[in-house]
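Data block below; observations after.
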Amino acid sequence: MKKANWWKSQENGNIKCLLCPKYCIIEEGKTGFCKVRKNIKGNLVTLVYNNPIALHIDPIEKKPLYHFFPGSQALSVGTVGCNLACEFCQNADIAQFSGDVIKMGKITADQIVQKALDTGCKSIAFTYNEPTVFGEYVIDIAKKAHSVGLKTIMVSNGYISEEAIEDIYQHIDAANIDLKSFSSDFYNKLCKGKLDSVLAAITKIQKLVQCLEITTLIIPGKNDSNREIGEISGWISKNLGTMVPLHLSAFHPSHKMLDVPRTTKSTIDQAREIAHKNGLNYIYEGNVVTNTEDNTYCHNCGKLLIERQWFSVVKNELLENTCLCGTQIPIVQ
């Protein structure tokens, strides 16, 4: 256990956690909503520092990040815990764990960085569960990663407080943030969170990272209407810019939504067309069998620049981030 950041003492030995917009009031011996930050004798401690549950080498495209060192490998790190409770969570066994889970044992920031170097990874990605809840671990790993030339990535729900956002994201190079819906009711009922807090965080994160990408999981009957896809893509276009990549990902039955059908490719295709009409230049499809929808094309002349097959780059003709037509392409490589 390690003493946590982002909290302040309250009356009667209680603690107010300042890490995310829930601002949990935590009594002695209790944990907050995320289950991994605990009040022990008037101090808030993190239960997951140096305690990952997952450590894997992934293609960076699997995060998904398509505009940040395409074709490279990332060492992915995750713990248990989450500050939302999405009924459609696809990693619920660790994010919304109950009871004991089998952890990997103590693994320090130095050991994680060394593993990334030994395996030829260009980056370390904080992912699988919500990395905000292990923010202290993220910062220490990221600092050491940067000292040896490795990049850092957050794959996050964007549910983070104003108090913590700069502390963490000043050490992050790229981020993929879930924008799960454009409905406050959806966030309240299906995620136990607030849409406005996520939107505010995304705009701040963009100013702190080198590369930002957005993912929306399209769930049949929940957030797949033309109106909502239009609102999501329209907000991205207006507030983040038309060059920010949007990943439209197909839902498959999971957690508390086992009775909801898979998203069809035609639904994803239609969402993609709507996003294009709202001005977005880079829209990718995920969790479906695609032909060309996960390739990168020049937004000016249409030339194929990066060809992908199942998270692998099979061709990259992008030279110094510039297409042969002279157009600058918003990709870091």
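What is the calculated FRET efficiency for Gln309 to Asp93, with r their C-beta to C-beta distance and R₀ = 30 Å, to the nearest 0.05?
Efficiency, rounded to the nearest 0.05: 0.55.
Order the peptides 236-248, 129-141 from the highest to the lowest mean number of other Cβ atoms within 10 Å of their residues. Intermediate results must be reported in sequence, preceding the final value.
Values: 236-248: 19.4, 129-141: 25.5.
Top to bottom by mean Cβ count within 10 Å: 129-141, 236-248.
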Relative contact order (percent, whole number), segment 124-210, Cα cutoff 8 Å, 6+ residue spacing:
29
What is the extension gain from Lys194 to Asn239, computed as 0.36 nm multiplied by their sequence separation minus the C-alpha to C-alpha distance, in nm to one decimal?
14.4 nm
Measure out, as a whole number of angstrom, how far apart the alpha-carbon centroids of segment 12-79 and segment 253-329 sit.
30
Under the 0.36 nm per residue contour assumption, what length would be gained going from the current alpha-carbon distance of Gln210 and Asn321 to full extension?
38.6 nm
From Cα pairs below 8 angstrom and at least 6 apart in sequence, can you work out the relative contact order of the chain, rounded to a whole percent?
13
To the nearest 500 deg cm²/dmol, what mean residue ellipticity at 222 nm is calculated for the chain from DSSP H runs of n ≥ 4 alone, each contributing -39,500 (n - 2.57), summed and divided by the residues?
-7000 deg cm²/dmol
Can you tell me the convex hull volume per residue for the chain, based on C-alpha atoms, in Å³ to the nearest whole number?
129
Of all DSSP beta bridges in the chain, antiparallel share, percent nearest 5
50
Projecting the Cα atoms of Ile306, His56, Thr296 onto the charge dipole of the chain, where Lys and Arg contribute +1 and Asp and Glu -1 at Cβ, the residue farthest towards the positive end is His56
Here the FRET efficiency for Gln333 versus Ser9, based on Cβ atoms and R0 = 41 Å and rounded to 0.05, is 0.30
Which value in Å does the Kirkwood hydrodynamic radius of segment 56-95 take, with 1/r averaged over all unlike C-alpha pairs and then inverted?
11.7
To two decimal places, what compactness ratio does segment 2-46 give when its Cα radius of gyration is scaled by 2.2 N^0.38 Å?
0.94
Compute from the Cα atoms of segment 100-186 the Rg and the Dmax, the latter being the longest Cα-Cα distance, and quote both in angstrom.
14.2, 46
What length, rounded to one decimal in nm, is gained on full extension from Asn300 through to Lys2, with 0.36 nm per residue of separation minus their alpha-carbon distance?
102.2 nm
Along the Cα→Cβ direction, 7 angstrom out, place labels at Glu162 and Glu273. What is the inter-label distance in nm?
4.2
Quote the FRET efficiency, to the nearest 0.05, computed for Asp259 versus Lys115 with a Förster distance R0 of 41 Å and r equal to the Cβ-Cβ distance.
0.55
Here are some pairs, Lys194/Lys256; Lys8/Lys256; Lys63/Lys189; which of them have Cα atoms lying more than 23 Å apart in this structure?
Lys8/Lys256; Lys63/Lys189
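Every read-out reported here was derived from the displayed coordinates using simple, explicitly stated rules and does not represent laboratory data. If you're wondering where the values come from, they're calculated on a predicted model, not measured in any experiment. Glycine gets a Cβ as well: all are built from the backbone with ideal geometry, and neighbour counts include every protein chain shown.
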